[in-house]
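Presented below is the structure to which this report refers.
Coordinate-derived values only; no laboratory data. If you're wondering where the values come from, they're calculated on a predicted model, not measured in any experiment. Note that we place each Cβ from the backbone using ideal geometry, even for glycine, and neighbour counts take in every protein chain shown.
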């Protein structure tokens, strides 16, 4: 499974990267309206932004498969995580902006969706489950940290400009409030704008694995892209998006996130 990247650490922290992948099998890409549209909504450069996490002893799990193929952070049943609000499916048929991803008549049917689940979704979550079990056997409690990002302005999904930092805890159900408080304090000390359980309360992974009573505390971090990379002033275009990764631009956010992950480790080590 060369599409599934795992870096094993021994600290009580697992960082998951479900949306940084851009790989699309050729037979699927041939049915898409645009290779650029198919990759536009990736969590750009997030795995590079967090590459310091391995040095902290964290375990890292990342899929290289694009979310357009299958979104491993959606409910596998197809149920919406945000009823009544615009969102994308387990196998998305539109971009965040509502643009069609597939040529007419080429979207996956139920049988193909089931095949994609078996090929990519289930192995990803089997790996998450196995790594959480390994760390849980070693430590009294562990933190599952979901690393995400999104453009600051996506009118179809939310009004106005998204805060720099968006913490999701499934309204407090996925982790101990002590962890939430520690992460909030680390974020607030950074000077970046922050909200907890706002538009993004945590995806399926946070909600599924977050079992504080069983020692697994899950928290999602959704970053507005402008905090670590250049964003176009208007709607993104193939010429301007994604902007290249800029270490100098990302330096301040990396510093803030280092404090956040250390807060997670301090909590889990108590």
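Treat the count of other C-beta atoms within 10 Å as a stand-in for reagent exposure and order 31, 251, 62 from fewest to most. Write out the running numbers ahead of the final one.
Details: 31 13, 251 10, 62 22.
Exposure proxy ranking, most exposed first: 251, 31, 62.
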Name the shape class, rounded, prolate or oblate, that the alpha-carbon gyration tensor gives for the range 59-186, where a ≥ b ≥ c are the square roots of its eigenvalues, rounded holds for a/c under 1.5, and otherwise prolate holds if a/b is larger than b/c and oblate otherwise.
-> oblate
So the angle from the long Cα axis of helix 247-269 to the longest Cα principal axis of the chain, reported in degrees to the nearest 10, equals 50
Residue 86-residue 126 pseudo-label distance in nm [points 7 Å out on the Cα-to-Cβ vector] | 3.7
For the chain, count all C-alpha to C-alpha pairs, find those more than 36 Å apart, and express that count as a whole percent of the total.
-> 9
Tilt relative to the chain, helix 177-188 - C-alpha long axis, 0 to 90 degrees, to 10 = 70
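Would you list 221, 1 from fewest to most Cβ contacts within 10 Å? Working shown, then result.
Working: 221 25, 1 12.
Ranked by crowding around the Cβ, least crowded first: 1, 221.
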Roughly speaking, what is the stretch gain from residue 243 to residue 136, that is 0.36 nm per residue apart minus the C-alpha to C-alpha distance, in nm to one decimal?
-> 34.7 nm
Give the distance, in whole Å, between the Cα centre of the range 163-226 and the Cα centre of the range 35-114.
-> 20
Can you tell me the 0 to 90 degree angle between the C-alpha axis of helix 122-138 and the longest principal axis of the chain, rounded to 10?
-> 0
